[in-house]
Amino acid sequence: MLYGVCWVCGETFEATGPDGIMRHVIAFHPNDRNSIYVSIGDDNDIAGSQNLTRYVGKILRINKTNGQGYTDSPWQDGTTTSIRSRLWAIGFRNPFRWSFDFHAGSPPRFAIGDVGQDLFEEVDYVSFATAKGGNFGWNNCEGFADFNGNCPSSTIKPVLALSHNDGYCS
């Protein structure tokens with residue numbers, strides 16, 4: 001556990017997809033009471049995390065009143081009813097634990113535990129502003145390594161990648 005991280009700000013739940021159980025988190029940001037933030041794993045749709053027309057492998061920001069997205073979404077396409085208008089951060093395999101870290105100052109930081117595929121488990125710890133619109137790399141990167149031979153330098157790298165070879169595996 002990262003010191004000072006508010007893990008109780010989100011509720012974890014499980015949803016069964018066609019390829020198994022994926023754990024998700026739903027949370028409210030205290031300074032953004034009109035929004036619900038929801039993480040969704042890739043459900044073994046490896047390419048889905050980079051596909052802006054799919055919900056999988058993303059963290060979403062949804063208007064709690066009407067279920068729509070926002071005009072300030074990083075991937076806004078002109079309507080608040082589209083998938084793209086609900087996307088807040090992309091490139092996750094299974095962000096099964098995450099929270100806003102309000103002890104880090106203002107604005108808060110964002111702590112994310114993302115389950116790896118074959119090699120690494122990872123922890124991301126970034127500013128709220130960096131997370132919004134951020135691409136965390138999956139399925140191009142796993143931890144600090146290339147996953148499919150194309151890990152762009154523009155993706156957000158984890159602060160910690162734990163190797164399965166060292167016994168770390170979810």
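Looking across the range 122-154, the residues that are in a loop (DSSP other than H, G, I, E, B) and of a type in the set (S, T, N, Q) come down to N139, N140, N148, N150, S153, S154. If you go through the range 1-42 and keep only what is open to solvent by less than 30 Å² (accessible area, probe 1.4 Å), modelled with pLDDT of 50 or more and assigned to a loop (DSSP other than H, G, I, E, B), you end up with G41, D42.
On the basis of being under 25 Å from D72 (Cα atoms), within 18 Å of the chain's Cα centre (by Cα), among the polar types (S, T, N, Q) and open to solvent by less than 40 Å² (accessible area, probe 1.4 Å), does T155 make the cut? Taking the combined requirement at face value, the residue satisfies it. The single condition among (1) within 16 Å of the chain's Cα centre (by Cα); (2) open to solvent by 50 Å² or more (accessible area, probe 1.4 Å); (3) within 21 Å of S49 (Cα to Cα); (4) at pLDDT below 90 that L119 does not satisfy is (1).
Is it the case that the range 96-113 has a residue that's farther than 19 Å from F28 by Cα, assigned to a loop (DSSP other than H, G, I, E, B) and in contact (Cβ under 8 Å) with a residue 12 or more places away in the chain?
Looking through the range 96-113, none of the residues is farther than 19 Å from F28 by Cα, assigned to a loop (DSSP other than H, G, I, E, B) and in contact (Cβ under 8 Å) with a residue 12 or more places away in the chain.
Checking each residue in the range 43-94 for being at pLDDT 95 or above, open to solvent by 30 Å² or more (accessible area, probe 1.4 Å) and assigned to a strand (DSSP E or B) picks out no residue at all. If you go through the range 132-146 and pick out every residue that is out of contact with any Asp or Glu (no Cβ under 8 Å at 6 or more places or on another chain) and either open to solvent by 20 Å² or more (accessible area, probe 1.4 Å) or hydroxyl-bearing (S, T, Y) (or both), you end up with 6.
The values are calculated or read from the model by the stated rules, or taken from the named source; none is laboratory data. Model, not experiment: these values are computed from the prediction. Reconstructed Cβ throughout: ideal geometry from the backbone, glycine too, with neighbour counts over all protein chains shown. Please note that ligands, DNA and RNA were not included when accessible areas were found on the heavy atoms of the full protein model with its side chains. Shrake-Rupley method; radii C 1.70, N 1.55, O 1.52, S 1.80 Å.
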